[in-house]
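Asks: After the structure tokens below, expect a handful of questions from me.
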Amino acid sequence: MQMICLDLEGVLFPEIWIEFSKRTGITELSRTTRDEPDYDKLMNFRIGLLAQHGLKLADIQDVIAGMGPMAGAKDFLDDLRSRYQVIILSDTFYEFAQPLMKQLGWPTLMCHKLEVDADGFVRRHVLRQPDQKRHAVNALRGLNFQVIAAGDSYNDTGMLGAAHAGFFIHPPEAIVKQFPQFPVTRNYADLKSAIDTAALRLRGG
């Protein structure tokens, strides 16, 4: 049995925090895991900025409600799901993800959660598990799945390395240089071909 594991933001949807940065004019919020490999550090930085500017979870959710998937993402995912089992492994939060998953046809999602106070301010991020993408891939391997993974950023490299086959899709060049072991794809057609080729190889075809 084979399982495809995909990142969400930067792979199927635009980066939520970049879009929120544009809407609010707070340029510091545009930092993502493409810029900062330490996810806890990045999230604490974001939560601090939200508090500083008096922004609530509802303000972020309003921006998310107006977002759509990247061009071709829904068709790409639908094709994969017709031929493989697919899980989205993301460092986003369930409080963000519902409208995104609806637009993608409700694929299975594993991500984190936020703690929000009575006034609607984000107080803390709660990781489902540190380095959860890598742990999820290892757990799937322990269940005798052949795992193929794809992502675009620093926080995806753990799962790419743990998978039987791991691919970047349109990553920044700085990340490519640091992780040359992962083949690079630049669009959904290339990634689909890479996944199919890897799946055939893993099946012994």
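Values quoted throughout were computed directly from the atomic coordinates according to the rules given, and no laboratory measurement underlies them. Please read all numbers here as calculations on a predicted model, not as lab measurements. Here the Cβ is made from the backbone with ideal geometry for all residues, glycine too, and neighbour counts use every protein chain on show.
Asks: Once Rg/Rh (Cα atoms, Kirkwood Rh) is worked out from the coordinates, which option in (1) 0.94; (2) 1.02; (3) 0.97 does it equal?
Replies: (3)
Asks: On the first, second and third principal axes, largest extent first, how far apart are the outermost C-alpha atoms of the stretch 122-205 in Å?
Replies: 49, 34, 21
Asks: Here is a further query. Taking only DSSP H segments of four or more residues, each worth -39500 (n - 2.57), what value at 222 nm results for the chain once the sum is divided by all its residues, to the nearest 500 deg cm²/dmol?
Replies: Values: 9 runs with 91 residues, N = 205.
That comes out to -13000 deg cm²/dmol.
Asks: Roughly speaking, what is the stretch gain from TYR94 to ASP117, that is 0.36 nm per residue apart minus the C-alpha to C-alpha distance, in nm to one decimal?
Replies: Contour length minus the Cα-Cα distance gives 6.7 nm.
Asks: In percent, what relative contact order does the stretch 45-159 have, based on Cα pairs under 8 Å that are 6 or more apart in sequence?
Replies: 23 percent
Asks: Give me the log10 of I(q) over I(0) for the stretch 16-69 at q = 0.17, 0.18, 0.23, 0.30 Å⁻¹, as the Debye formula computes it from C-alpha points; what are the numbers?
Replies: -0.51, -0.57, -0.92, -1.30
Asks: Among 103-109, 4-10, what's the highest-first ranking by average C-beta atoms within 10 angstrom per residue?
Replies: Listed from highest to lowest mean packing, they are 4-10, 103-109.
Asks: Remind me, relative contact order of the stretch 122-196 in percent, using alpha carbon pairs under 8 angstrom and six or more residues apart?
Replies: Values: 93 pairs, mean separation 17.4, N = 75.
Relative contact order here is 23 percent.
Asks: If each residue of separation counts as 0.36 nm, what is the full-extension length gain between LEU202 and LYS102 once their alpha-carbon separation is subtracted?
Replies: Here the answer is 32.8 nm.
Asks: Now, a different point. In whole Å, what is the distance between the alpha-carbon centres of the stretch 66-86 and the stretch 1-48?
Replies: 19 Å
Asks: Between LYS192 and THR27, what's the calculated FRET efficiency when r is the beta-carbon distance and R0 is 25 Å? Round to 0.05.
Replies: Computed FRET efficiency for LYS192 and THR27: 0.10.
Asks: Can you tell me, using C-alpha contacts under 8 Å and at least 6 residues apart, the relative contact order of the chain as a whole percent?
Replies: Reported as a whole number, the value is 23 percent.
Asks: Separate question: Label points 7 Å out from Cα along the Cβ direction at GLN181 and MET110: separation in nm?
Replies: Simple spin-label model gives 2.0 nm for this pair.
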